[in-house]
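Structure record follows, encoded as structure tokens.
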Amino acid sequence: MAAQKLPTAVRQDQIVETAFQMLSENATRHLHVKDIAERLGMAPSALYRHFRNRDALMSAVLEHIRTKLYKNIEVVRQGSDDAGERLRELLSRHIRLIRERHGIPRILFSDELWGQNQERRRKMFRIVNGYLAEVEDIVREGQQNGQLRKEISPRAAARMFFGMVQPAALLWHMSGGDFDIEEHIALTWPLFAKLVIQ
């Protein structure tokens, strides 16, 4: 059955979403354009009209990750003026994103994906660095408002914040989802909060 004709942006989003789902199920080296096309009910040649090759598709997947991360920042900024509450909610959203998007840790920790591609490595580094800069801004604003401890380096606090997430993501990924990521956060957040929040 032929795929329905959709606007380019909608079809591209579908393709990226499908790639994400497939990355959740399989290793990145097993992600083939023909399999994505088949799952979407379209010919591979039709998919190549949207992404010229697998590298272009994987770049779009990275952009998708960036969008999700930055959307979480935007939502917590709009939800509260309290920096401590923002950080706690951002942590919850980040963990939820990992649990709902199994493909994210697989992408982040994939040698097959990053091994020889320095451009992609740099792009992921820029995404993570930008995310850390946003967390730094939340910390800095909280310090200016008297909500967070002034003696703490915003950069160190942002890296500590990220440090709560990455080991949990790695352990969760390595255990096939068996690692209790909620317990990890329940144990680490109070320590972080004690160091950072007034």
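The values are calculated or read from the model by the stated rules, or taken from the named source; none is laboratory data. These figures come from a predicted structure and were not determined experimentally. Note that we place each Cβ from the backbone using ideal geometry, even for glycine, and neighbour counts take in every protein chain shown. Quick note on the areas: whole protein, heavy atoms, side chains included, nothing else; ligands and nucleic acids left out. Shrake-Rupley method; radii C 1.70, N 1.55, O 1.52, S 1.80 Å.
Rounded to the nearest 0.05, what FRET efficiency do ASP13 and ARG96 have when you use their Cβ-Cβ distance and R0 = 22 Å?
Efficiency, rounded to the nearest 0.05: 0.60.
Give me the accessible area per residue for the chain, probe 1.4 Å, as a whole number in Å².
About 55 Å² of surface per residue is accessible.
Roughly what angle does helix 181-196 make with the longest principal axis of the chain, taking Cα atoms, 0 to 90 degrees, to the nearest 10?
Between helix and principal axis, roughly 40 degrees.
Once both labels are modelled 7 Å past Cα along the beta-carbon direction, what's the ASP180-ASP81 spacing in nm?
About 3.9 nm, to one decimal.
So, R0 is 30 Å and r is the distance between the beta-carbons of ALA193 and LYS68; what FRET efficiency does that work out to, to 0.05?
After rounding, the FRET efficiency stands at 0.75.
Working from Cα positions, state the angle (0 to 90°, nearest 10) between the long axis of helix 54-79 and the longest principal axis of the chain.
Relative to the chain, helix 54-79 is tipped by roughly 30 degrees.
Please determine, in degrees from 0 to 90 and to the nearest 10, the orientation of helix 118-144 with respect to the longest principal axis defined by the Cα atoms of the chain, where the helix direction is its Cα long axis.
Tilt of helix 118-144: around 30 degrees.
Using only DSSP helix segments of four residues or longer, with each worth -39500 (n - 2.57), what per-residue ellipticity at 222 nm results for the chain after dividing by its residue count and rounding to 500?
-24500 deg cm²/dmol, from helical runs alone.
Roughly speaking, to the nearest percent, how much of the chain's 1.4 Å accessible area is carbon and sulfur?
50
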